[in-house]
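Please read the structure below before turning to the comments.
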Amino acid sequence: MPVVPEETPPAAASPRRARRSCLAVPASNPRFVEKAQTLPSDHFFLDLEDACAPPVKEDARLAAVTALNEGDWADRTRTVRINDWTTHWAYRDVITVVEGAGEHLDCLILPKVSDPRQVSALDMLLTQIEKGLGLRVGGIGIEAQIEDARGLVAVDAIAASSPRLETLVYGPADLMASVNMKSLVVGEQPPGYPADAYHYILMRILMAARANDLQPIDGPYLAVRDTERFRLAAGRTAALGFDGKWVLHPAQIDAANEIYSPTQEDFDHAELILDAYAHHTSVAGGAKGSVMLGDEMIDEASRKMALVVSGKGRAAGLRRTSRFEPPASR
């Protein structure tokens with residue numbers, strides 16, 4: 001286990017980045033890297049871990065640096081998934097990628113996180129490199145992937161382990177293997193269990209993320225050409241409150257962008273709630289704590305719920321199609 005720093009330097013507050021669709025891109029495959037630059041995903045990660053066989057991992061690091069520096073990624077969130085701390089590749093992944101392309105890197109994804117000290121160790125190494133290069137300390141975020149029983153049990157401590165943390169990512173395949181789940185189809189219910197076998201896992205990650213102001217991200221659905229089953233899997237976590245999902249195929253991107261965005265109707269309704277509440281709680285509107293919007297009573301809790309939908313809609317580029325008209329004074 002790497003040495004843990006006694007004190008982590010404070011980082012500036014991280015932006016809440018768009019992550020509806022998080023595209024996995026093997027860093028070792030130039031054709032996939034080139035194709036990824038033309039796709040409408042919110043986020044991409046150049047993968048140095050599972051997508052790269054051991055003989056090509058070192059070359060993949062250099063390819064990731066080139067892709068970050070020379071690629072046309074527009075305003076996507078730019079990330080790299082390094083190898084996990086139990087391997088001999090991890091530290092060199094961090095050093096090579098950040099020293100080579102730190103100015104063009106938003107986050108590193110740390111896989112197989114089972115202990116908060118693993119996140120703290122990455123934080124410490126990033127801080128040393130940023131100081132050495134003159135980069136802003138704390139400017140590179142961390143995404144922690146929860147992939148086994150130990151990580152799930154420790155997820156609250158992991159979520160609070162570093163100010164660099166931006167997301168908790170559910171890793172379904174490894175977690176299923178970790179608990180000996182009786183299934184070979186990632187994301188599908190195990191045979192013989194009549195309820196949702198993943199509900200507890202998803203809610204644990206969701207609660208830990210929200211309690212620490214992080215974005216919870218769902219993992220991949222491996223049947224890449226079955227878009228309907230992908231939509232069902234994504235719809236389940238979007239309904240719970242997850243912010244996005246990993247995608248492995250271009251066909252999954254549009255579905256993820258749609259599913260993790262509010263509908264136009266919900267966005268418009270949220271905007272009306274915010275306008276109506278602001279008006280009626282003002283002196284001019286009567287300074288009321290709760291009012292009716294049509295047949296619906298709205299109050300402070302309604303405002304908080306509307307802020308969530310409005311924020312996600314704006315991040316998705318939605319524009320309102322309705323206006324709030326204050327009621328005529330009597």
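Of the conditions (1) surrounded by fewer than 23 Cβ atoms within 10 Å (Cβ to Cβ); (2) of a type in the set (A, V, I, L, M); (3) out of contact with any His (no Cβ under 6 Å at 6 or more places or on another chain), residue 224 clears all except one; give me its number.
Against the list (1) surrounded by fewer than 23 Cβ atoms within 10 Å (Cβ to Cβ); (2) of a type in the set (A, V, I, L, M); (3) out of contact with any His (no Cβ under 6 Å at 6 or more places or on another chain), residue 224 comes up short only on (3).
Would you please name the residue that is farthest from residue 167 (Cα to Cα), looking only at residues in region 59-71 that are open to solvent by 50 Å² or more (accessible area, probe 1.4 Å) and touching a Ser or Thr at 6+ places or on another chain (Cβ under 9 Å)?
59
Test residue 179 against the criterion of being in contact (Cβ under 8 Å) with a residue 24 or more places away in the chain and open to solvent by less than 50 Å² (accessible area, probe 1.4 Å), and give yes or no.
no
Do you know which of the residues in region 31-58 that are of a type in the set (A, V, I, L, M) and outside any loop (DSSP other than H, G, I, E, B) is most open to solvent (accessible area, probe 1.4 Å)? Give the steps one after another, and end with the answer.
Initially, region 31-58 is screened for residues of a type in the set (A, V, I, L, M), giving 33, 36, 39, 46, 48, 51, 53, 56.
Narrowing the set further to residues that are outside any loop (DSSP other than H, G, I, E, B) leaves 33, 36, 46, 56.
Numbers: 33: 17, 36: 4, 46: 0, 56: 57 Å².
My answer is 56.
Could you give me the residue pairs with C-beta distances under 7 Å whose first residue belongs to region 132-146 and is more than 14 Å from residue 160 (Cα to Cα), whose second residue is open to solvent by 70 Å² or more (accessible area, probe 1.4 Å) and modelled with pLDDT under 95 wherever it lies, and which are 6+ apart or on separate chains?
Note: pairs meeting the criteria are 138/10.
If you take the residues of region 277-298 that are part of a loop (DSSP other than H, G, I, E, B) and open to solvent by 50 Å² or more (accessible area, probe 1.4 Å), which of them is nearest to residue 326 (Cα to Cα)?
My answer is 284.
Report yes if residue 205 is among the hydrophobic types (A, V, I, L, M, F, W, C), more than 30 Å from residue 323 (Cβ to Cβ), crowded, with 23+ Cβ neighbours inside 10 Å and touching a strand residue (DSSP E or B) at 6+ places or on another chain (Cβ under 9 Å), otherwise no.
Details: among the hydrophobic types (A, V, I, L, M, F, W, C): yes; more than 30 Å from residue 323 (Cβ to Cβ): yes; crowded, with 23+ Cβ neighbours inside 10 Å: yes; touching a strand residue (DSSP E or B) at 6+ places or on another chain (Cβ under 9 Å): yes.
So residue 205 passes the test.
Only residues that are open to solvent by 20 Å² or more (accessible area, probe 1.4 Å) and farther than 29 Å from residue 103 by Cβ: list them for region 125-176, please.
Of everything in region 125-176, those that are open to solvent by 20 Å² or more (accessible area, probe 1.4 Å) and farther than 29 Å from residue 103 by Cβ turn out to be 148, 149, 150, 153, 154, 156, 157, 173, 174.
The values are calculated or read from the model by the stated rules, or taken from the named source; none is laboratory data. Keep in mind the model is a prediction, meaning the values are calculated, not measured. For neighbour counting, all protein chains shown are included, and Cβ atoms are generated from backbone atoms with ideal geometry for every residue, glycine included. We work out accessible area using only protein heavy atoms, side chains counted, and drop any ligands, DNA or RNA first. Shrake-Rupley method; radii C 1.70, N 1.55, O 1.52, S 1.80 Å.
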